[in-house]
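Single-structure report; data block below.
The values are calculated or read from the model by the stated rules, or taken from the named source; none is laboratory data. Only a predicted model underlies this, so the values are computations on that prediction, with no experimental measurement involved. Virtual Cβ from ideal backbone geometry, glycine too; neighbours counted across all protein chains shown. For accessibility, only protein heavy atoms count, side chains too; no ligands or nucleic acids. Shrake-Rupley method; radii C 1.70, N 1.55, O 1.52, S 1.80 Å.
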Amino acid sequence: MSNTPHTPLVEMRDISISFGGIKAVDHVTVDLCPGEVVGLLGHNGAGKSTLIKCLSGAYKADSGQILINGEKVDINSPRDARALNIETIYQTLALADNLDAASNLFLGRELVNAFGFVDESKMEAETRKIMARLNPNFRKFNVPVSALSGGQRQSVAIARAVYFNARILIMDEPTAALGPHETQMVAELIQELKAQGLGIFLIEHDIHNVMKLCDRACVMKNGQLVGTVKVDAVTDDDLLGMIIMGKKPAKAA
Amino acid sequence: MTDTGQVATAPAPKRGIIDTLELDVRLLGMLVAFAAIALVFTIWTGGTFVSPRNVFNISVQAVPVAIMACGMVFVIVARQIDLSVGSMLAMCSAVMAMSQATWLPSLMGLEYGSPVILVVTILLGFAVGTGMGAITGWLVGYQRIPSFIVTLGGLFVWRNINWYTTNGQSVSLTDPHLLMFGGTEGVLGAPVSMVLGVAASVAAVAGLLSARRNKQSHGFIVKPAWAEGVMMAMVVGAIMLFVTWLSRYPVPEAKLKRLFEARGEVMPEGFSAMHGLPISVIILIVVAVGMTITARKTRLGRYIFAMGGNPDAAELSGINTRALTVKIFALMGFLCGLAALVAQARLQSHGNDIGMLEELRVIAAAVIGGTALAGGVGTIYGAVLGALIMQSLQSGMAMVGVDTPFQNVVVGLVLIIAVWVDIIYRKRMGLTK
Ligand SMILES: Nc1ncnc2c1ncn2[C@@H]1O[C@H](COP(=O)(O)OP(=O)(O)OP(=O)(O)O)[C@@H](O)[C@H]1O
Ligand SMILES: [Mg+2]
């Protein structure tokens, strides 16, 4: 694997989880260092989302260990993950359609005033600030997110993950619904967060984005890890070969 | 606050009066429907419909259903249903009736009518209601049995345990302290009511002002001062009109005489007193305000709405949706206990059929009030208004001599029409949910 000097920020060791008879994730080991972007690649249904959901607390792995900063942790719920500064942008976005952007951004972590009552104005003001940074064209603060476009919804989900000062960020196809300009802004955001020392798991189908943004790439096929490679050491075609054929290129092995 | 990035520069499009006042269109529609019903029956009955006496009666009769409808809003918003509320009301009522008339007097060696007994009884009734609701919530939240099934079962179970609790007997209730919760036997009189009305008006204005100031402090655009003024005037006007009206309903002379005799005094010549606000209506107002604050201003309320909007998102945001489900149903059960107290005090007895079919009225009130069965959408004030609309319809029809079966036919049709109109309205406005 990587031979970085520090203890990895995250280590997922030998993770397995199955649904009924299907082994969605089959003895997969990945790790992530501070200031590093690790891409997760693979065909549809390869098990990428399922793997990271074990880290975000949405699923509990059947077997395997998760270590944060070298210490074994138990992540039993999304709350546990959030408490460990793990933030997630889910592929499904996980937004409550009937609530507005601010309510979604602060869902589960509402700002309250001295009496313990939710402070809506403050939350909206904070939401406006972060959205001004992420997507300056965003205007729809007072409507339910069901009235937003796919990309606008994605911006809200990204803002939610970024707002709370994560140390570990999981992004499951964060740009799937974004236009070219917004995608560019997310790319810049990833680089900025990386420079701040966050560790980022990025699930992404676009090989060019992977080559541009990631330090390493882990490729999965049918629930199993094909291999992990340094992005500098391989070509697009090598990665494609890994995804499609499930074989590690000879020179990077 | 300059870096908040809000839309302030674009020239505001011309806005209609409803927009400027930021009025809820659905609320407006309900108020118009309510006013229309009142107008028709007022003309039809030659004015008796809006007499202080009838307004008083409608308010008092609507209270139990309205209290439960407040809880039903939370249940339906969370994508659940509770068909057992009528039976839970009966169960709470049975326990309270038996405990004050039989169990506690023999257990504590106190006379029926002692305030201690009443206090313990009420607490017991609330505990039983909350407990029944919590059991439902546990079965739904932790065991994943659909609430439709759990509460359909509960409808049979509680209704019949209620029967066994009293052995099928009616229990007549005469403790004057209990009867105070029922309506006519527990009123505040004109002076206290007026003071309360003024206090409520002041509180409402203060609330609107503080919300406005909070918005301004974050640099948001607020509605023009005149619009805020109109809103305040309407709210204060409604409160004061209601209070003044009930303060014009005189207590019958014979009853006043009895009250004086009970105290060993003689009623002075020409003495008169007005009903004013009934305690049961105050209870309803406290419940409605409390539930509205819960819905809008507390985490609990927001989580209920989030869960109704997208249960998975709520779960992934770290909300414990199972525990939340228990809380929602427990709250519903508690409100059934409260409604049972008011209902048995008003009827001055516990009968086997108390609360029978009430679940349908409660659900209808919530739905007429704009609560969407798909979940995620609903308001407390809407449900209270829904209960009032149904009670007004029924009372009005009774006054003009419509037979009871036909009254129920009309209430059923109104439920369907209310949802139908809402669907058409949403389609027109291009709203999907
Ligand atoms: N909750 C679940 N219940 C049953 N099977 C599931 C569940 N979640 C995932 N699976 C199965 O596990 C496998 C991996 O799914 P996963 O969502 O992790 O794929 P993915 O790599 O993220 O694919 P995509 O690129 O399409 O997002 C699939 O075969 C899927 O059908
Ligand atoms: Mg996926």
statement: Of the residues in region B:208-242, those that are open to solvent by 40 Å² or more (accessible area, probe 1.4 Å), within 14 Å of chain A (Cβ to nearest Cβ) and either in contact with a His (Cβ under 8 Å, 6 or more places away or on another chain) or among the small types (Gly, Ala, Ser) (or both) number 3
- request: Kindly establish whether A:His27 is more than 11 Å from ligand 1 (Cβ to nearest atom), open to solvent by 50 Å² or more (accessible area, probe 1.4 Å) and touching a residue at least 12 places away in the same chain (Cβ under 8 Å).
  value: yes
message: For region B:161-201: of the residues being assigned to a helix (DSSP H, G or I) and of a type in the set (Phe, Trp, Tyr), which is surrounded by the most Cβ atoms within 10 Å (Cβ to Cβ)?
response: B:Trp163
message: If I filter region B:308-323 down to residues being in a helix (DSSP H, G or I) and facing chain A (nearest Cβ under 8 Å), which single residue comes out as surrounded by the fewest Cβ atoms within 10 Å (Cβ to Cβ)?
response: B:Asp312
- request: Could you tell me whether region A:78-90 includes any residue that is within 20 Å of A:Leu9 (Cα to Cα), away from chain B (no Cβ under 11 Å) and assigned to a loop (DSSP other than H, G, I, E, B)?
  value: yes
- prompt: Can you name every residue in region B:378-410 that is buried (at least 19 other Cβ atoms within 10 Å of the Cβ) and β-branched (Val, Ile, Thr)?
  reply: B:Thr379, B:Ile380, B:Val384, B:Ile389
query: Which one of these does B:Thr404 not meet: (1) among the β-branched types (Val, Ile, Thr); (2) in contact (Cβ under 8 Å) with a residue 24 or more places away in the chain; (3) closer than 30 Å to B:Ile283 by Cβ?
result: (2)
statement: In region B:244-282, anything open to solvent by less than 30 Å² (accessible area, probe 1.4 Å), in contact (Cβ under 8 Å) with a residue 24 or more places away in the chain and over 12 Å from B:Val187 (Cβ atoms) is listed as none
task: Could you check A:Leu178 against (1) more than 16 Å from ligand 2 (Cβ to nearest atom); (2) at pLDDT below 90; (3) open to solvent by 50 Å² or more (accessible area, probe 1.4 Å) and say which number it fails?
output: (3)
query: Has region A:50-70 got at least one residue that is within 13 Å of ligand 1 (Cβ to nearest atom), open to solvent by 20 Å² or more (accessible area, probe 1.4 Å), in the same structural domain as A:Thr228 (by TED's automatic domain parsing) and within 30 Å of A:Asp236 (Cβ to Cβ)?
result: yes
- prompt: If you check B:Ile304 against the conditions, is it in the same structural domain as B:Thr174 (by TED's automatic domain parsing), among the β-branched types (Val, Ile, Thr) and surrounded by 16 or more Cβ atoms within 10 Å (Cβ to Cβ)?
  reply: yes
task: Among the strands (runs of 3 or more DSSP E) lying completely within region A:3-48, list those that include at least 3 residues that are within 16 Å of ligand 2 (Cβ to nearest atom) and among the β-branched types (Val, Ile, Thr).
output: A:22-32
- request: Among residues belonging to region A:49-64 that are under 13 Å from the mean Cα position of the chain (by Cα), among the polar types (S, T, N, Q) and more than 9 Å from A:Ile75 (Cα to Cα), point out the one that is nearest to ligand 2 (Cβ to nearest atom).
  value: A:Ser49
query: Among the residues of region A:204-216, is there at least one that is touching a residue at least 40 places away in the same chain (Cβ under 8 Å), in contact with a Ser or Thr (Cβ under 8 Å, 6 or more places away or on another chain), away from ligand 2 (no atom under 16 Å from the Cβ) and closer than 17 Å to A:Asp31 by Cα?
result: yes
task: Report yes if A:Ala187 is touching a Lys or Arg at 6+ places or on another chain (Cβ under 8 Å), assigned to a helix (DSSP H, G or I) and more than 27 Å from B:Gly378 (Cα to Cα), otherwise no.
output: yes
message: One residue is enough: does region A:218-230 have a residue meeting the conditions without any contact (Cβ under 8 Å) to a residue 60 or more places away in the chain, away from ligand 2 (no atom under 16 Å from the Cβ) and part of a loop (DSSP other than H, G, I, E, B)?
response: no
Enumeration of residues in region A:77-130 that are more than 17 Å from the chain's Cα centre (by Cα), farther than 20 Å from B:Gly301 by Cβ and surrounded by 22 or more Cβ atoms within 10 Å (Cβ to Cβ): A:Ala125, A:Arg128
